[in-house]
Amino acid sequence: LSEVVRAALRREGKRLIETIKIWKMTEALNLDEDQAAKLFPKLAQLEASRREYQGRQRLLREELAELLKQRPLRDEEIKTRLEQLDRAETDFRGHEQIVRGGLRSILSLEQQARLALFEDRFETEMRSVIQDLRQRRRGFPPGAGQSVGSPSPRYRPLAPMEGELPRK
């Protein structure tokens, strides 16, 4: 496949994962329409901020790697990049705290706890699904690499959280 097609497939895959995340989060947190209308724009804002931070971080690290290849070392430039890395992280964490503070005004305490659990569980579940899809594409059965007779942890459905409806 051409790089253009691969990039388009990655974008489409990301959109699909985001759609699934919204659906599952709405279900796991038992959100009403008003809460969903307020919550999802804030989460999208946080995700956009995270992508921007990660891009900045990647660029600064690439610059650091290049600076380290140069002789003699340019200490001041290296120091500047390290300070920029620290500042980028501090700025992102500050913004993240502000957005998360706004979530407290939207969600009940129980929903906040469910969100904290959901984010970790969803990421783990999606990584597992993606890994299995990649293995299938390469011709391996799902859960390949597991010892014979041991069920893949990916195929044990996650138990519903307290109060969440069982998955079908």
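The values are calculated or read from the model by the stated rules, or taken from the named source; none is laboratory data. Small disclaimer: the values here were computed from a predicted structure and weren't measured. Here Cβ is always computed from backbone atoms with ideal geometry, including for glycine, and neighbour counts include all displayed protein chains. Surface areas here come from the heavy atoms of the whole protein model, side chains and all, with no ligands, DNA or RNA. Shrake-Rupley method; radii C 1.70, N 1.55, O 1.52, S 1.80 Å.
Inclusion of Leu31 among residues that are outside any helix (DSSP H, G or I) and open to solvent by less than 40 Å² (accessible area, probe 1.4 Å) is warranted. Residues that are closer than 25 Å to Glu123 by Cα and surrounded by 15 or more Cβ atoms within 10 Å (Cβ to Cβ) do not occur anywhere in region 68-83.
Of the residues in region 59-93, how many are of a type in the set (A, V, I, L, M, F, W, C) and either free of Cβ contacts under 8 Å to residues at least 12 places away in the same chain or farther than 17 Å from Ser49 by Cβ (or both)?
So in region 59-93, the residues of a type in the set (A, V, I, L, M, F, W, C) come out as 59-60, 64-65, 67-68, 73, 78, 82, 85, 88, 92.
Keeping just the survivors that are either free of Cβ contacts under 8 Å to residues at least 12 places away in the same chain or farther than 17 Å from Ser49 by Cβ (or both) gives 59, 64-65, 67-68, 73, 78, 82.
The total comes to 8.
Being in contact (Cβ under 8 Å) with a residue 12 or more places away in the chain, of a type in the set (S, T, N, Q) and farther than 22 Å from Ile22 by Cβ, is that true of even one residue in region 99-118? No - not one qualifying residue is present in region 99-118. Does Glu63 satisfy the condition of being in contact with an Asp or Glu (Cβ under 9 Å, 6 or more places away or on another chain), modelled with pLDDT of 95 or more, in a helix (DSSP H, G or I) and surrounded by 11 or more Cβ atoms within 10 Å (Cβ to Cβ)? Taking the combined requirement at face value, the residue satisfies it. Every residue in region 55-98 that is over 30 Å from Ala116 (Cα atoms) and of a type in the set (D, E, K, R), please. Result: Glu62, Glu63, Glu66, Lys69, Arg71, Arg74, Asp75, Glu76, Glu77, Lys79, Arg81, Glu83. Scanning region 106-144 for residues that are exposed (fewer than 12 other Cβ atoms within 10 Å of the Cβ) and of a type in the set (Gly, Ala, Ser) yields a count of 2.
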